[in-house]
Amino acid sequence: MPPTSAPGHPAPRPLPLGHPSAPLELLGVISATVPLEHRSGSRSARYTVAARFSRSASAWERSLIEHPHVHTILAEQGYGSVRLKVLDRRLLIENTNMQMLERGLAAAIAAILSAVDREVAAGRARSLREAQQRRAAQAPRSVVGE
């Protein structure tokens, strides 16, 4: 197994669950949102299932998850009736059922959340680079202005 850190340097610590910079993950379905008659019986009816996030979604994450392109992705995978909505620490998966989630919808949603995390991380990296470039561009002016 390859080392996880360079010799003499400690391995980076994972961010604690709930940290604003930690990946946005689903911890599981909130069972109370699954109608009692659908927990063990007929699974053909569709309803809204709520899943709990590992932390609150940021406004940016929410906009990415609820973006119309996500619906297009789900439709291409056979889930055209499904809609995703973010409500604080919950993801509302509308017009679905447990059978759909078990047969691939959950994996599709996980892939969407992973793509959202990558987009947010790339945006943060861009913002950091731009801020560093602005500071670097202003540094020589500060010295000249003294």
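The values are calculated or read from the model by the stated rules, or taken from the named source; none is laboratory data. None of the values given here were measured: they were computed from a predicted structure. Because the Cβ atoms are built from the backbone with ideal geometry, glycine has one as well, and the counts that use them run over all protein chains shown.
Testing residue 85 on (1) surrounded by fewer than 16 Cβ atoms within 10 Å (Cβ to Cβ); (2) touching a Lys or Arg at 6+ places or on another chain (Cβ under 8 Å), one condition comes back false. Which one is that?
(2)
Given the structure, is residue 90 under 15 Å from the mean Cα position of the chain (by Cα) and touching a residue at least 60 places away in the same chain (Cβ under 8 Å)? Break it down into steps so the answer makes sense when it comes.
Details: under 15 Å from the mean Cα position of the chain (by Cα): yes; touching a residue at least 60 places away in the same chain (Cβ under 8 Å): yes.
Considered against the rule, which asks whether it is under 15 Å from the mean Cα position of the chain (by Cα) and touching a residue at least 60 places away in the same chain (Cβ under 8 Å), residue 90 comes out as yes.
Is it true that residue 76 is among the charged types (D, E, K, R) and either surrounded by fewer than 10 Cβ atoms within 10 Å (Cβ to Cβ) or at pLDDT 95 or above (or both)?
Numbers: among the charged types (D, E, K, R): yes; either surrounded by fewer than 10 Cβ atoms within 10 Å (Cβ to Cβ) or at pLDDT 95 or above (or both): yes.
Yes.
In the list 92, 26, 101, which residue meets the criterion of being surrounded by 11 or more Cβ atoms within 10 Å (Cβ to Cβ), aliphatic (A, V, I, L, M), at negative phi and modelled with pLDDT of 95 or more? I'd like the intermediate steps shown before the answer.
Numbers: 26 fails: modelled with pLDDT of 95 or more; 101 fails: modelled with pLDDT of 95 or more.
Just one listed residue meets the conditions, 92.
For region 60-81, how many residues are touching a strand residue (DSSP E or B) at 6+ places or on another chain (Cβ under 9 Å) and more than 19 Å from residue 25 (Cβ to Cβ)?
Residues flagged as touching a strand residue (DSSP E or B) at 6+ places or on another chain (Cβ under 9 Å) and more than 19 Å from residue 25 (Cβ to Cβ) within region 60-81 amount to 3.
Determine which member of the set 82, 70, 120 is in contact with an Asp or Glu (Cβ under 7 Å, 6 or more places away or on another chain), hydrophobic (A, V, I, L, M, F, W, C) and within 22 Å of residue 46 (Cβ to Cβ). Step through it out loud before you land on a result.
Numbers: 70 fails: in contact with an Asp or Glu (Cβ under 7 Å, 6 or more places away or on another chain); 120 fails: within 22 Å of residue 46 (Cβ to Cβ).
None of the others qualify; the one that does is 82.
Inspect region 117-136 for any residue being touching a residue at least 24 places away in the same chain (Cβ under 8 Å) and closer than 19 Å to residue 33 by Cα and give the result as yes or no.
Scanning region 117-136 turns up no residue that is touching a residue at least 24 places away in the same chain (Cβ under 8 Å) and closer than 19 Å to residue 33 by Cα.
Rundown of residues vs (1) at pLDDT below 90; (2) of a type in the set (Val, Ile, Thr), yes/no style:
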| residue | (1), (2) |
| --- | --- |
| 13 | yes, no |
| 36 | yes, no |
| 49 | no, yes |
| 54 | no, no |
| 66 | no, no |
| 69 | no, no |
